[in-house]
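Every number in this text was worked out from the coordinates using simple rules, so none of it is lab data. Nothing here was measured: the structure is a model prediction, and the numbers come from that model. Ideal geometry is used to build each Cβ from the backbone, glycine not excepted, and the neighbour counts take in all protein chains shown.
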Amino acid sequence: MKTAHLQVNSAFSDAGIDSHNVTFQKLLEVAQINVWEWDIVDNGIIDFGSRPSLACERGSQKKGTLAYFFSQVHKDDLSGVMCRIDHALTKPDDPEYYAEFRILKNHTEYEHILARGRVVHDAAGQPVRMFGIWFSIDDLTRKNEVALLQQAAMARFSRVTTIGELASRLAHELTQPLTTSGVYLDGCINRLERGEIEKEELIRVLKKSSHYLHSAGETIHRVKNFIRRGDLVREKTSLRTVLDNAIRLAEMSYGFPVSMIILEQENLPDIKIDRLQIRQVLLNLLNNSFDALNGINIKNPEIVVELKAEDETLQIRIKDNGPGISSAIVNKLFMPFYSTKKDGFGMGLSACRSIVEAHNGQIRGGTLPGGGCCFEIQLPMM
């Protein structure tokens, strides 16, 4: 690369360092930087190194000028560059110059440059020279811009995923309470049309329907808070009561007989949990067992639920005698949006894990040695 060969009485040439110094020139080319000096008195700029001067036209053997340099700086960066130069010239206690700016690379493209320098004053304290270095930061800037674009894309993806998760969670968790309420209301309508229901019975059924509608509304509120902030509404409650509620909802959604066996340890202590969230976990797992048992040739379809306290935790195991889980998908069970069901959202087990872990608990699942599936939940009692 050709550079201007100037013999100048400057800070560089005084030290034996100028564009004729082959060793120094090679060092600049290896380092990919330019050195420059602005003679403030005669307004001449020397600029040489690995790249053509920024202060004069390419191939020119003349000194560069500040006016030419300013004419090449991007209009949006020009005022910033001028302010930084003015600051260095007028602040003797802070003579350093530092600027990042864009400058014309060719007729249509700009290049990102980083320049550093220092003002030299005479005995009277007047600025007489300014010298420093500059180099291209185009590659680094482009990488940063790409990184920022990637971060923005990830932020958009995160928002879309959160919205999708919220929608999927709500759809998944509202189906059964709303369906159950609908069953009660349809039954009321049918019996009212036939004149077969007494006032007391009607009130009892409507209260049940109202209970499930309120439960759906509370679920919407809690899921929204859990997705947004991870909030839980903890209250001391009986895990057996929560389980019974989940079983009742699950059994009403499936129209085939399944033996439900509950093995509960005596004197099981209450636990401080978000009962609606944990009910949803149990309901999701029970639904999976019902789905696994539905439509397969098993003589005695069975779901066994075990409740026990052990090592400062309450443990829940839900087992069935269905086909079990394929070894190929065991590691994907709790992945969001992964489902083996044709119409599945892929949010059920992912939501279960989120809720259990928010309670500082653990959940795992797999196939039993003799066949069938087992999911185990451990919730700390403290």
For the range 11-136, the Cα-Cα pair-distance distribution in 10 Å bins from 0, as whole percents, is 12, 45, 35, 8, 0
Mind checking the full-extension length gain between THR237 and ILE262? Use 0.36 nm per residue of separation minus the Cα-Cα distance, one decimal, nm. 7.2 nm
Links that overshoot a 27 Å alpha carbon limit, given the list LYS272/LYS319; LYS63/LYS105; LYS207/LYS308; LYS236/LYS308; LYS26/LYS105; LYS26/LYS91: LYS207/LYS308; LYS26/LYS91
Check which residues have an amide H placed less than 5 Å from ARG364's amide H, if you skip close sequence neighbours. GLU376
For the range 233-382, compute Rh as the Kirkwood radius over C-alpha pairs and then the Stokes-Einstein diffusion coefficient at 4 °C and 1.567 mPa s; write the answer in µm²/s, rounded to an integer. 82 µm²/s
Round to the nearest 0.05 the FRET efficiency obtained for GLN32 and GLN126 when R0 = 30 Å and r is the Cβ-Cβ distance. 0.30
Any residue on another chain or 5+ positions along whose placed amide H is under 5 Å from the amide H of HIS121 is listed here as VAL128
Charge tally in the Cβ shell below 11 Å around GLY322, where Lys, Arg are +1 and Asp, Glu are -1, GLY322 excluded: -2
Label-point separation, PHE70 to GLU376 (7 Å along Cα→Cβ), nm: 7.8 nm
Quick one: which residues, 5 or more positions from ILE262 or on another chain, have an amide H under 5 Å from its amide H? H modelled 1.01 Å from N in the peptide plane, none for Pro or chain starts. VAL305
ARG142 and ASN294 label points (each 7 Å along its Cα→Cβ direction) are spaced in nm at 5.6 nm
Out of all DSSP beta bridges with both ends in the range 234-333, state the antiparallel percent to the nearest 5. 65 percent
